[in-house]
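Some notes on the structure that comes next.
The values are calculated or read from the model by the stated rules, or taken from the named source; none is laboratory data. Note that the structure is a prediction, hence the values are computed from the model and not measured. Methodologically, a virtual Cβ is constructed for each residue, glycine included, from the backbone with ideal geometry; neighbour enumeration extends over all protein chains shown. Each accessible area value is taken on the protein alone, full model and side chains, heavy atoms only, with ligands, DNA and RNA left out. Shrake-Rupley method; radii C 1.70, N 1.55, O 1.52, S 1.80 Å.
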Amino acid sequence: MGTYTLIGATGNVGSLAAARLLAAGQTVRPYLRNEAHAQHWRERGAQPFVGDLYDTGALVEAFSGADAAYLMTPTWFTADDMFVENERALDALSEAVSRAHLQRVVLLSSIGAHRPHGTGAILKLHAMERRFARLPHVTSIRAGWFMENYAGLVARVAETGVLPSMLSPLDMPVPMVATADVGAAVAGALTSVWSGQRVVELEGPRRYSPDDVAATLAKVLGRAVQAQVLPETQWRDTWTAWGLTQASASAMSEMLRGFNEGWITFERPQAETTPGGTSLESVLAGLVARAPQ
């Protein structure tokens, strides 16, 4: 059995990875922002640490003695500059990893993270991969488009029968993956043995277009659903209405253009990616079941 520290254990991926590790009898150290979340994990048998991503001292304590750690950084949607915040967090994380003599890390990365430009918000993950490239044992899990990204739309789709899509054209298949499969990949990587820099490019059992998403939602909802392109002229207003700053809206818009223009792809051919087993239908059915009525 081993000891594993997980940043972001309250998120979809981190919480699922931590739960799998606990179920396997591993010692789990969730690194959390507040004591309320810590108590929840104590009750589940974990050993939580409380601090933020800029607190090097707290991070050193959480990493010390761990066999491996799962690292991620959030997307600072409300920051004046998400990339500045990301660099601050990477500074603290990399210093803490060094001071704690941590040898193995698993990074939550993204499709397109190998690109040094033109990927918008994904550039923060390119920066993360580069920051930890000198460690002896690093696994970067480059996940496709999260199926759960549709969570905020299912109630609207149920009401209107229209699925607005920034991804286009509507028949273009996109690598998508369920967070359950990403969490399983994280837990598996943490407990495995490897050397050097390893990249896992992770997607679902098949690729789905916006039209596929609409058809699947129609099946789940029991009503007609049609995908409809949201014009790029409306993207910025949509992002800012969701609470993003202008700079963050620009980063997200560049990311969407990267997908639509075929620039954001996996580095290796599809035959070499790792397929998860969770279907889009099962994810969307869960999102519909949990959506406000």
Next on the checklist: Looking at the range 177-191 only, could you name the residues that are open to solvent by 30 Å² or more (accessible area, probe 1.4 Å) and not hydrophobic (A, V, I, L, M, F, W, C)?
Outcome noted: Gly188, Thr191
Checklist entry - When only residues in the range 228-281 that are of a type in the set (Ser, Thr, Tyr) and more than 20 Å from Ala178 (Cα to Cα) count, which is most open to solvent (accessible area, probe 1.4 Å)? => result Thr233
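Looking only at the range 149-163, which residues are open to solvent by less than 40 Å² (accessible area, probe 1.4 Å) and part of a helix (DSSP H, G or I)?
Looking only at the range 149-163, we keep the residues that are open to solvent by less than 40 Å² (accessible area, probe 1.4 Å), and these are 150, 153-154, 157, 161, 163.
Within the range 149-163, Tyr150, Leu153, Val154, Val157 qualify.
Going through the range 126-142 one residue at a time, which ones are in a helix (DSSP H, G or I) and buried (at least 18 other Cβ atoms within 10 Å of the Cβ)?
Within the range 126-142, the subset in a helix (DSSP H, G or I) is 126-131.
Across the range 126-142, the qualifying residues are His126, Met128, Glu129, Arg131.
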Checklist outcome for this item: The residue that is nearest to Ala58 (Cα to Cα), considering only those in the range 1-30 that are open to solvent by 50 Å² or more (accessible area, probe 1.4 Å) and either touching a Lys or Arg at 6+ places or on another chain (Cβ under 7 Å) or part of a loop (DSSP other than H, G, I, E, B) (or both), is Thr10
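Working carefully through the options Ser250, Ser279, find the one that is under 23 Å from Leu125 (Cα atoms) and modelled with pLDDT of 95 or more.
Details: Ser279 fails: under 23 Å from Leu125 (Cα atoms).
Matching residue, one of Ser250, Ser279: Ser250.
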Checklist entry - Regarding Gly204, is this residue over 13 Å from Asp171 (Cβ atoms) and touching a helix residue (DSSP H, G or I) at 6+ places or on another chain (Cβ under 9 Å)? => result yes
Checklist entry - Do we have any residue at all in the range 57-67 that's open to solvent by less than 40 Å² (accessible area, probe 1.4 Å), of a type outside the set (A, V, I, L, M, F, W, C) and either touching a Phe, Trp or Tyr at 6+ places or on another chain (Cβ under 8 Å) or assigned to a loop (DSSP other than H, G, I, E, B) (or both)? => result no
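If you scan the range 68-80, which residues turn out to be within 18 Å of the chain's Cα centre (by Cα), more than 20 Å from Leu16 (Cβ to Cβ) and open to solvent by less than 50 Å² (accessible area, probe 1.4 Å)? Lay out the reasoning, then the answer.
If we filter the range 68-80 for residues that are within 18 Å of the chain's Cα centre (by Cα), which is where we start, we get 69-78.
Narrowing further to those that are more than 20 Å from Leu16 (Cβ to Cβ): 76-78.
Matches in the range 68-80: Trp76 only.
Does Ala224 count as in contact (Cβ under 8 Å) with a residue 40 or more places away in the chain, open to solvent by 30 Å² or more (accessible area, probe 1.4 Å) and in contact with a helix residue (DSSP H, G or I) (Cβ under 7 Å, 6 or more places away or on another chain)? If you could, list the steps in order and put the result at the bottom.
Details: in contact (Cβ under 8 Å) with a residue 40 or more places away in the chain: yes; open to solvent by 30 Å² or more (accessible area, probe 1.4 Å): yes; in contact with a helix residue (DSSP H, G or I) (Cβ under 7 Å, 6 or more places away or on another chain): yes.
So Ala224 fits the description; yes.
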